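Here's the structure we're looking at; comments come further down.
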Amino acid sequence: MIDGGEAIRKLALNVARYTGLAPLAKPFVGGIGAILMLHRVTATPEKPHSVNRHLNIAPGFLDAMIADMKASGYAFVAMDEAVERIKAGGKGGQFATITADDAYRDNMTEALPLLEKHGAPITIYVAPGLINGTADLWWDVVEDIVNARDSLTLTRPNGPLTIDCSTPAKKLQANARLHAYLTSEVREEDLQAVLRDLARSNGVDADGPRLRTLMNWDEIRSIAAHPLVTIGAHTINHSNLKRLSEADARQETGAVRAMLQAELGEKPGHFAYPYGYASAVGCREVRFARDSGYASAVTTRHGVLRAEHAGFLHALPRISVNGRYQSLAHIRTMLSGVTTPLANAGKMLVTI
């Protein structure tokens, strides 16, 4: 999916890399640690040239990154311990905790062996609707729809819209147009129905992406029993909470705990806001997460952790480890803290 902060972060990364600024700045702006965000970890993505390929990193890069961070003095801890370290102001040295959104199967088959090698814990945020089929990996379904046709038609209240998908460049534009349509023009409650109608009319299996790439409940139960794994909540249906009514947003945030307990035997103690950017989470959503009893909640806002985050445990930033930044130099620069204010309008303390 489209990352609006990519250009500024890449500029900052390259400037800091070639000027030597990052290592000089780290003692002053590096904070107390970082929450790393993953999605997929696989050496064999089904669609290596996918518009969503940035959601994947290679296992070899994850291996190298953890080793590099450990050599730099980072301790890898579970989310429970990360919360305690934040509360303690970072006493005990810099730390990192790894998180992964959506419960992709390769987290178990390809990432977990590397985490075992390094003794590095991970928190995997699960949206039960994605596992049960009441929600879809719509960004992958959209790509399949665009790839299936040279043109497609959206049925809208103000009239049909035909979208050209006839060339690679047009397909990129079509993906962006459908993303905008589903996330701003279609009601959040109607997203799955609209998506499935569009998939059906274009001969695309809307269930295919989630069945191919996400863990099923048996696999989630298996990985949940692993000593390095914590299961967190990611709403029921991977919903943009800010686009829902208060009642529905509270349901998505709170009721998911009982659903995961029913499947796994334990209520999740940690939460991740789907999408996690400004148009998906604000003060209201943070209040819902706090009221639901979670010990922490993470966004996708770019930033390192600071001691002051002890007062913002339900609005924690993360460092996205994705296909756009598969460079140890880039990761070192992001961990130095110099990109935190550059990606957040000058703010060193990133919350919401």
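The values are calculated or read from the model by the stated rules, or taken from the named source; none is laboratory data. As the structure is a prediction and not an experimental result, all values here were calculated from the model. Here the Cβ is made from the backbone with ideal geometry for all residues, glycine too, and neighbour counts use every protein chain on show. For the accessible areas, the whole protein counts, side chains as well, though only heavy atoms, and no ligand, DNA or RNA atoms are used. Shrake-Rupley method; radii C 1.70, N 1.55, O 1.52, S 1.80 Å.
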Determine the pairs where a residue that is in contact (Cβ under 8 Å) with a residue 40 or more places away in the chain, located within the stretch 163-192, has a partner that is among the small types (Gly, Ala, Ser) with Cβ atoms under 6 Å apart, the partner being 6 or more residues away or on another chain. 188/239
Candidates 230, 235, 213, filtered to the one that is touching a His at 6+ places or on another chain (Cβ under 8 Å) and touching a residue at least 60 places away in the same chain (Cβ under 8 Å): 230
Quick count over the stretch 196-243, residues being in contact with a Pro (Cβ under 9 Å, 6 or more places away or on another chain) and open to solvent by 60 Å² or more (accessible area, probe 1.4 Å), is 1
Considering only the stretch 335-352, state which residues are in contact with a His (Cβ under 8 Å, 6 or more places away or on another chain) and open to solvent by less than 10 Å² (accessible area, probe 1.4 Å). 339, 340, 350
Do the conditions hold for residue 163, that is, is it part of a strand (DSSP E or B) and open to solvent by 10 Å² or more (accessible area, probe 1.4 Å)? yes
Expected single match for charged (D, E, K, R) and free of Cβ contacts under 8 Å to residues at least 40 places away in the same chain among 290, 306, 324, 301 is 290
Go through the residues of the stretch 122-135 one by one and say whether even a single one is of a type outside the set (Ser, Thr, Tyr) and under 13 Å from residue 204 (Cα atoms). no
Among the candidates 280, 249, single out the residue that is in a helix (DSSP H, G or I), of a type in the set (A, V, I, L, M, F, W, C) and either open to solvent by less than 70 Å² (accessible area, probe 1.4 Å) or over 16 Å from residue 103 (Cβ atoms) (or both). 249
Among the residues of the stretch 324-334, what is the count of those that are under 19 Å from residue 39 (Cα atoms) and open to solvent by less than 30 Å² (accessible area, probe 1.4 Å)? 5
Could you list, in sequence order, the residues of the stretch 258-273 that are of a type outside the set (Ser, Thr, Tyr) and either crowded, with 21+ Cβ neighbours inside 10 Å or touching a Phe, Trp or Tyr at 6+ places or on another chain (Cβ under 7 Å) (or both)? 260, 263, 268, 269, 270, 271, 272
In the stretch 33-68, what count of residues is obtained for those that are surrounded by fewer than 22 Cβ atoms within 10 Å (Cβ to Cβ) and either of a type in the set (Phe, Trp, Tyr) or closer than 16 Å to residue 305 by Cβ (or both)? 1
Collect the residues in the stretch 15-40 that are touching a Ser or Thr at 6+ places or on another chain (Cβ under 7 Å) and of a type in the set (Lys, Arg), keeping them in residue-number order. 17, 26
Quickly run through the stretch 79-138 and pick out the residues that are in a strand (DSSP E or B), aliphatic (A, V, I, L, M) and touching a Ser or Thr at 6+ places or on another chain (Cβ under 8 Å). 98, 100, 122, 124
Check on residue 293, part of a loop (DSSP other than H, G, I, E, B) and either closer than 28 Å to residue 21 by Cβ or open to solvent by less than 10 Å² (accessible area, probe 1.4 Å) (or both): no
